[in-house]
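The values are calculated or read from the model by the stated rules, or taken from the named source; none is laboratory data. These numbers come from a predicted model, not from an experiment. Here the Cβ positions follow ideal geometry from the backbone for every residue, glycine too, while neighbour counts run over all protein chains shown. In case anyone asks, the SASA skips ligands and DNA or RNA and just uses the protein heavy atoms, side chains included. Shrake-Rupley method; radii C 1.70, N 1.55, O 1.52, S 1.80 Å.
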Amino acid sequence: MLRVENLHTFRGRIHALKGVGIHLNAGEIFAVVGPNGAGKSTLLGTIAGLYRPSQGRVWFEGAEVTGTAPEELVRRGLALVPERRQVFQGLSVRDNLLLGAYHRYRQQRQTLEMDIEDILTLFPRLRQRIGQAAGSLSGGEQQMLAVGRALMARPKLLILDEPSLGLAPKMIAELFEAFVDMRKSRGLTILLVEQNIRAALGIADRGLVLERGRVKIEGSVSELKTHPQVEAAYLGRYAEASASPGGPTG
Amino acid sequence: MSGASLLQLFFSGLTIGSIYALIAVGFVVTFSVTGILNLAQGEFAAVGALTAASLHMHGAALWVSVLAGTAAAVLLGIVMERAVIRPARRIDLLSVVIITIGVDIVFRGAALMIWGADPLTLAPFTDRPPLHLGGATLDWQTVWTVAISGVFFVALIWFFRTYRGKAVRAAVMNHTAARIVGIRPSRLSFYAFAVSAGLGGLAGTIVAPITGATYDMGLMLGLKAFVAAVIGGLNNAPAAVLGGLLVGLLEAFTAGLISSDYRDAITFIVLLLMLFVRPSGLFGRTAGKRV
Amino acid sequence: MIRRGPLAQLYPPSWPAIVTVGIVLAVIPFVSGPYVLSVLIAVGLSSIVAVGLSLFIGYAGQISLGHAGFYGIGAYTSAILALRGVDGWATILIGMAITGGVAWLVSRPTLRLEGHYLAMATLGLGMILNIIMIQWTSVTGGPSGLTGIPPLTVGSLVFDADWKLYYLIWVMALLVIWGFRNLVHSRVGRALKALAESEAAASSLGVPTARFKEMAFILSAMVASLAGSLYAFYLSFVSPSTFDAMASIEFLIMAIAGGVRSVWGAPVGAAVVTILSQAMKSVVPALFPSAGGEYSILVFGVLLVVILLFLPQGIVPGLARGVLTIRHRWTRPGDSGSAAPGGEG
Amino acid sequence: SSGGGQGASPGGGAPSDTIKIGAELSVTGPASSLGRPERDTLQMVVDEINASGGVGGKKLQLITYDDESNPTKAVLNLKKLLDQDHVSAVIGGTTSAISLGLIPTIEQAQVPFFSLAADQRIATPVKPWVFKLPQGDNLVVERILAYLKSQNITKVGWLSSSDDFGQGGKNTFEALAPKFGIQGVAFESYVPTDKDMIPQLTRIKNANPQAVIIYGIPPGASIATKNFAQLGFKVPLIHSHGIANQDFLTQTGSASNGVVFPASKLLVANQLPDTDKQKAVLLKYKDDFEKKFGYPANAFGGHAWDAIHIVAKAVGAVGGDHQKIRDYVENNTKDFVGCTGVFTFNPADHNGLTKEALALIKVVDGKWTLLQE
Amino acid sequence: MRMAEPLLEIRNLSKRFEGVVALEDIGFTVQKGHISAVIGPNGAGKTTLFNLLTGMVKPDQGEVLLEGRRIDRLPAHAIARAGITRTFQNIEIFQNMTVVENVMAGRHLRTTSGWLTSFFSLPGRLRDNRQAFHRAMELLETFELTDRAFQPAGILPYGLQRMVEIARALAAEPKLLLLDEPMAGLNAGESRKLAAFMQEIRHTGVTILFIEHDMEMVMETADDIVVLDQGKMLAQGPPAAVQRDPRVIAAYLGEEVI
Ligand SMILES: Nc1ncnc2c1ncn2[C@@H]1O[C@H](COP(=O)(O)OP(=O)(O)OP(=O)(O)O)[C@@H](O)[C@H]1O
Ligand SMILES: Nc1ncnc2c1ncn2[C@@H]1O[C@H](COP(=O)(O)OP(=O)(O)OP(=O)(O)O)[C@@H](O)[C@H]1O
Ligand SMILES: [Mg+2]
Ligand SMILES: [Mg+2]
């Protein structure tokens, strides 16, 4: 489904990814974890086409998509829930959801109402806020909207950057359950970055630990869960070593 | 002042207001799609007017001249988008505004070189004596101007309610988010410049019979239209039409009733007072932002 | 190399650059003719206005399309009063006081506005001021202005020759630049930058955002007024078209082309814009003998676009970054992909 | 003082067989419809003179700078002409505001200056180094007032542009009208870039004047004329010399029929009686200019024509020295027949025109027609 | 210091937005020296409560008292001066300023140099710069951000931006520190470290009120918990009691308590 090889990405002068490879099978849930600044968001952004890699390649469903723009990738079935939600602040909740289906609006206009209904069932909170400007929603509500909007694209591969961020515990449980359901019912493939490692490893099949732009550990969830370094890693914080070479001297 | 005089002032305000409105709409179209305040907007009007007028003076039929004027502006809009706006995509909006001022200077210089400094004239669209209504006279060209801005008013209300219209608004609210849902902002930007340049060009050809066509006509029109667009609330194209009319009417009534010397000052004071009462434009809504 | 502490690295002292520029400028009259001086005087005057603008735009995050109006208040106050026999220096101070007062009066309602609304409001303010200059004929001389403004004097020193005004104007300009640099690198500067980025966060830290914006506005207006007064004494003539909306826009171009997030951006922008548009007048006809003034304008427009496309942050930050990048390459040869962290020296 | 002490001594750098003349004009910006014909005329005349062997064995070199109608840039241009180009004389100052702005520098540098702008204050009081070519507002306004008086009109409405041109007219009108027993019943103004003057004219109409004077240049003056017709005004419409431009006729069409205004004779050169001294000069200039540049000659170009010829004559006689040129022009310009009029300068008069410099013109069926008084 | 002294007192606080009732009749106190938590489902009104406390939004009704003094009508900057600073759920960092300048900006209230002093570089300017810089560097050191000090804050990863915001709010030496979801975007190890740090802050005499969805951390860190739901107070009390409250479980925690 998705194959990433030797990906290098710069964010400004910072070498954020230093040769990352991932392999995702269809219908799999794959978790990426790692400390702040490990490059997780950069990895997802590079796959989704937001950042251009300096080196390395990405294949999606057998075709190479390295450097393809996000607006193209979503047409091929790849949807991203970005870091910081990025909802359309001035538009209503409903319009945000509708625009999630932008690329299939012309062909599948009839099904949109149904899909919105599904999302409102998953997030009842959004139903109460349906006409409100997205920018005035609470943080958690915006997070729900960002996830809902990505689902509206009916993707084959859903890429989530910290979907649990700002959600209440009950909501997290429900959302992650829904992911599992969707994988079952629609064969949705999910690539997930999470800080809520327990929740993530709870639903994932496989995963990897990213540190300082490199893959530290990779394997099945059971392997990861029992890996001594994972336990250790998430008890302490890592100092940043990938600091800008152009930064302060001295 | 008599009723007829007041009506006359009203017509005058309507004429000038719809001219502002047409150009203001062009401002709003590019702004609400790309977030860029294109200060070269007024020049599209100048180019449209000059092209149409010079063709017409060389014997082309009126409608051909008007179409050609509009087309010339569209072409220029497209060239500007490709050559300048697209490369400037990643840079600070304030710098882009200054870049558009640079483009404005280039357009104006080029127009001066091509058409010279003297005003050109274009025949009125309907060559008939003015209408007489309630003791006041109404020029046919005014009827055209008002009608065309009316058409745009309705069309824009309609467009921004459609799904595409919302996508267009979304694109400027959040570029990244727009791309990840599949909106192609660069394509929108292209169309936006083509359309707003066309609007400006058309506006120029409509104005030309009233005011003549000069290479520097875009400057003042652009500034006034900018004011109209802002008063309407920049993001709201139909409101820009209303903003244009408001500015035009204010100018006419101030000049006619209070003082022509201080007309612009008084107009501005009234507009500013309105802004102070409604800081996000007369018809603008505060963007749904909070902390 | 001077060994600098980390704070000095964040806020390098302003005097070395000021002194260097000052020395260079001090020497110029000895090696050049009066034309160069008059161009540099124009640069100096614009620099003062543009520096104030860049504080208001680049640091406080606001926008003004009306500063030519304040420039004009200074110029007209000096012209009107000096013609009535008031001491020149007093007229400068009175001009600044009046300008400060006007700016203060309008700032309350105006600065509540954001972005384009503020742009429009300040545009309107500038135009209103300009209309007053045009229409209040009995005082301002109307559209053709006032002439015969007596020169500034200090004791027996009369500022009547270009070179004297040149020194006076640049001393003022450097003083203003020095002051604004101090301001930017201070508690006040941090507060301004903070409110520019997030008013909510700035106020949550105790910054009275409205008052700081007002102060930045008033201060930038007052230095514009200072420049205006000096202008009046330099040309001994004022007329309204010098202070119209286009002039405001030109100041804006200078500030932004130079780089609003750098205090040196303003003088560099003023210099580049002024010198470019002057140079065009000789260069373009020399290259294309048949070309008229139209071409100069056109070429100027093209250059402006090109400069900003390639140095979108403005000339000074753009070049500074360029220098950094080159130095970076120089000191660290090889692939930047090497994982070796750390710093030099 | 001698020109030599100025450092701007002519002939210093340049080869001694050319003499440099500076032109500081508003080729672009709001005043460009004045500045362009001025520039073109100057170049044309200089080329002619040089083609026919120059003056006094010397070629003229014209150096033109555009001030974009901006007074500050104008001063910079002037300094450049003086300091870098070392010109022997300066022609320019397209608008009154700019001319007035240049004068302090001119006086200080002591270089002969030939202003192309109309404002009275340029040449009154007389400044040693400043000469002025166009008719002053006083001549124009006096001519209008005399005409109105002859028509027994006492109450007039006034509309002028809010720039130096309109303002100059208005000031002069207010000063002179009482002498002719004429009273202004409404004073209105418009911004030169305005697109519609109906509000102003409506106010004027409500004041019931017996005639209306519009003092401005196209396109504003044209729009006002059209609005005047549109409002169904039945009183005479008087304009200033500001409309003496073919564009005015094209833009106003039938709306300008009946308009009366005083202007340079250039417009009606071919209708002048053969006894008119200027006729030959005007016809030649008009012909040459229109052939060369393909657009109609106008009075502004005419002022430039006069200026450069006066300068050329002086240079031919005394060479490139500032002081000598000035003295020569002041004392030896007698009955010089130019486009604007017949000039006679003397130490008390640096404009040197009489009211014969103006013709009263009426628009009849879309054509300029000389009004016989 | 007596521990049972109320620092902050909230009475009958209500706020609605165009028909949406965000908060209704909220009243509770925060004890001096405590770490208190506000929890509740999404959209319960927690952030709105913080916005009211810090003057970003004005209440429709009700009173807020800090050390017995009413602050609910004060403008935001005056509330900060009174002693409350905060962080933001959606991170309001000064992106184009360097990290250290962000924290120095937090010293605004602890420094005094004004416009004239700054413009003419009177002695106060440099003294304030030095003082703010040293304090900021100290704070960055505690947050292990020293190596990022001279980078623009905007390029920091999400999690570190949170830390910069906390350091910035702390730099003002508030009496009451409000943290809106400080652990969002941190993993368990990072959260734990932050929790430990919050304890340290408390011992320096700063009272903390924080919003958090990470129950494990809340239970471990907080002395008191206030639960909001749909704008109303659902429960208040020590962690153990709140955790067992069936209404809290139903509305917020869900069946399987994480
Ligand atoms: N706009 C930017 N410019 C320069 N560098 C950046 C930018 N954004 C991020 N970085 C750097 O890239 C590196 C990786 O950041 P990234 O956001 O991918 O981390 P992350 O793993 O998602 O962290 P977090 O868990 O905090 O979200 C960091 O060192 C960060 O400082
Ligand atoms: N400016 C506003 N306009 C309209 N509604 C608003 C506004 N601010 C908040 N709300 C609404 O008030 C409710 C409470 O919002 P608040 O941000 O306080 O929730 P919260 O408890 O912080 O939620 P979360 O845990 O998701 O951050 C939400 O439903 C929100 O939509
Ligand atoms: Mg991240
Ligand atoms: Mg919240």
- Item | chain A, dipole about Cα centre (Lys/Arg Cβ +1, Asp/Glu Cβ -1), debye to the nearest 20 | 380
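Hey, with R₀ at 60 Å, roughly what FRET efficiency would D:E356 and B:T176 work out to, going by the Cβ-Cβ distance, to 0.05?
Details: r = 75 Å, r/R0 = 1.25.
The value I calculate is 0.20.
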- Message: I need the peptides B:164-177, E:80-93 ranked by packing, meaning the mean over residues of other C-beta atoms within 10 angstrom, with the highest value on top.
- Response: E:80-93, B:164-177
- Query: Counting alpha carbon pairs within less than 8 Å and at least 6 residues apart, what relative contact order, in whole percent, applies to the stretch C:14-243?
  - Reply: 42
- May I ask you to find the residues of the stretch E:178-206 that are shielded by at least 40 Å² of accessible area once the whole protein assembly is considered instead of their isolated chain (probe 1.4 Å)? E:G185, E:N187, E:G189, E:E190
- Enter the accessible area of B:F159 (Å², nearest 10), with the probe set to 1.4 Å and all protein chains included. 70
- Query: In whole Å, what is the distance between the alpha-carbon centres of the stretch E:233-247 and the stretch A:56-121?
  - Reply: 40
- Query: Among the aspartates and glutamates, which fall within straight-line cross-link reach of D:K195, defined as a Cα-Cα distance under 12 Å, with same-chain neighbours fewer than 8 residues apart omitted?
  - Reply: B:E251
- Note on the structure: With x for Gly and Pro, the residue-by-residue ³J(HN,Hα) of the stretch D:34-41, computed from phi through the Karplus equation 6.51 cos²θ - 1.76 cosθ + 1.60 at θ = phi - 60° and given in whole Hz, is 8, x, 5, x, 4, 4, 4, 4
- Given backbone amide H placed at 1.01 Å from N, residues whose amide H is under 5 Å from that of D:H239, ignoring those fewer than 5 places away on the same chain, are D:I214, D:V260, D:F261
- Which entries of D:K73/D:K355; A:K156/E:K193; D:K58/D:K367; D:K20/D:K73 show an alpha-carbon separation above 31 angstrom in the structure shown? D:K73/D:K355; A:K156/E:K193; D:K58/D:K367
- Task: Collect residues whose amide H, placed 1.01 Å from N in the peptide plane, falls under 5 Å from the amide H of A:V81; neighbours closer than 5 in sequence don't count.
- Result: A:I159, A:L160, A:D161
- Amide H contacts of A:V65 (H built 1.01 Å from N, under 5 Å, at least 5 apart or other chain): A:V58, A:W59, A:F60
- Task: Quickly rank C:107-117, A:61-71 as a protection proxy: mean count of other C-beta atoms within 10 Å, highest first.
- Result: C:107-117, A:61-71
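Kindly flag which residue pairs out of D:K286/D:K334; A:K40/E:K175; C:K193/E:K175; A:K170/E:K58; A:K170/E:K46 have an alpha-carbon separation exceeding 28 Å in this structure. Numbers along the way, then the final one.
Values: D:K286/D:K334 23 Å; A:K40/E:K175 36 Å; C:K193/E:K175 25 Å; A:K170/E:K58 31 Å; A:K170/E:K46 16 Å.
Too far apart for the 28 Å limit: A:K40/E:K175; A:K170/E:K58.
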- Separation of the stretch B:133-178 and the stretch E:115-147 by C-alpha centroid, Å? 53
- Ranking C:T147, C:P240, C:G124 by how far each Cα lies towards the positive end of the charge dipole of the stretch C:14-243 (+1 on Lys and Arg Cβ, -1 on Asp and Glu Cβ), the top one is C:G124
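Ignoring ligands, DNA and RNA, how much accessible area is buried between chains A and B, both sides summed, with a 1.4 Å probe, to the nearest 100 Å²? It would help to have the intermediate numbers written out before the result.
Details: alone 12060 and 14350 Å², together 23950 Å².
Between A and B, the summed buried area is about 2500 Å².
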- For chain E, what does -39500 (n - 2.57) per DSSP helix run (n ≥ 4), summed and divided by total residues, give at 222 nm, in deg cm²/dmol to the nearest 500? -10000 deg cm²/dmol
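If you take the beta carbon distance between B:A61 and B:H132 as r and set R0 to 25 Å, what does 1/(1 + (r/R0)^6) give as a FRET efficiency, to the nearest 0.05? Could you put the intermediate results ahead of the total?
Numbers: r = 29 Å, r/R0 = 1.17.
That gives a FRET efficiency of 0.30.
Mean residue ellipticity at 222 nm from the helices of chain D, using -39,500 (n - 2.57) per DSSP H segment of n ≥ 4 over the full residue count, to the nearest 500 deg cm²/dmol?
Taking each H run of at least 4 residues, the total per residue is -12500 deg cm²/dmol.
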- With Cα atoms, 0 to 90° folded angle of helix D:71-83 axis to chain D main axis: 20
- At a probe size of 1.4 Å, how large is the accessible area of B:Y20, to the nearest 10 Å²? 10
- Query: Angle, helix D:96-109 long axis vs. longest principal axis of chain D, Cα atoms, 0 to 90°, nearest 10?
  - Reply: 20
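I want to verify the translational diffusion coefficient of chain B in µm²/s; compute it with Stokes-Einstein, Rh as the Kirkwood radius over Cα pairs, at 4 °C and 1.567 mPa s.
Details: Rh = 19.3 Å.
My calculation gives 67 µm²/s for D.
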- Where the centre of each part is set by its Cα atoms, how far does the stretch C:1-56 sit from the stretch B:63-112, in angstrom? 35
- Note on the structure: Calc'd 3J(HN,Hα), the stretch C:81-98, phi into Karplus 6.51 cos²θ - 1.76 cosθ + 1.60 (θ = phi - 60°), Hz, glycine/Pro = x, comes to 6, 5, 5, 8, x, 6, 4, x, 5, 5, 5, 4, 5, 4, x, 5, 5, 4
- Item | Cα-based reach from C:K164 at 20 Å (exclusive), listing aspartates and glutamates while leaving out same-chain residues under 8 positions away | C:D87, D:D83, D:E107
- Task: Could you point to the residue in C:I28, C:A97, C:I73 farthest towards the positive end of the stretch C:14-243's charge dipole, with +1 and -1 charges on the Cβ of Lys/Arg and Asp/Glu respectively?
- Result: C:A97
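Which percent of the accessible area of chain D is formed by carbon and sulfur heavy atoms (probe 1.4 angstrom)?
The value for chain D is 51 percent carbon and sulfur by accessible area.
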- Item | Within chain C, helix-based [θ] at 222 nm, where runs of 4 or more DSSP H residues each add -39,500 (n - 2.57), nearest 500 | -24000 deg cm²/dmol
- Item | Contact order normalised by residue count of chain E, Cα under 8 Å, 6+ apart, percent | 26
- Message: Compute the helix-to-body angle for D:220-230: its Cα long axis versus the longest principal axis of chain D, expressed 0 to 90° and rounded to tens.
- Response: 10
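Let's test the formula: R0 of 41 Å, r as the Cβ-Cβ distance of D:K155 and B:M274. What FRET efficiency results, to the nearest 0.05? Kindly include the intermediate steps, with their values, before the conclusion.
Numbers: r = 39 Å, r/R0 = 0.95.
E(calc), rounded to 0.05, equals 0.55.
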- Among the listed pairs A:K18/B:K166; D:K170/D:K313; C:K213/C:K281; D:K179/D:K234; B:K224/D:K226; D:K226/D:K284, those beyond 31 Å (Cα-Cα): A:K18/B:K166; D:K170/D:K313; C:K213/C:K281; D:K226/D:K284
- Note on the structure: Phi angles of the stretch A:132-138, converted by Karplus (6.51 cos²θ - 1.76 cosθ + 1.60, θ = phi - 60°) into ³J(HN,Hα) in whole Hz with x for Gly and Pro, give 7, 5, 4, x, 9, 6, 6
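Buried accessible area between C and B (1.4 Å probe, both chains summed, ligands and nucleic acids excluded), in Å² to the nearest 100?
Details: alone 17720 and 14350 Å², together 28390 Å².
Summing both chains' loss of accessible area gives about 3700 Å².
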- Is any helix in chain A, taking whole DSSP H runs, at least 15 angstrom long along its axis by alpha carbon and on average at least -1.0 on the Kyte-Doolittle scale, and which ones? A:105-122, A:139-152, A:169-186
- Message: Using a probe radius of 1.4 Å on heavy atoms only, what accessible surface per residue do you get for chain A? Whole Å² is fine.
- Response: 36
- Task: Take every Cα-Cα pair in the stretch B:1-112 and report what % of them are more than 23 Å apart.
- Result: 42
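Shielding by partners for A:26-37, please: the mean number of other protein chain Cβ atoms within 10 Å of each residue's Cβ.
On the way: counts 0, 0, 0, 0, 0, 0, 0, 1, 1, 7, 12, 6.
Whole-number average of other-chain Cβ neighbours for A:26-37 is 2.
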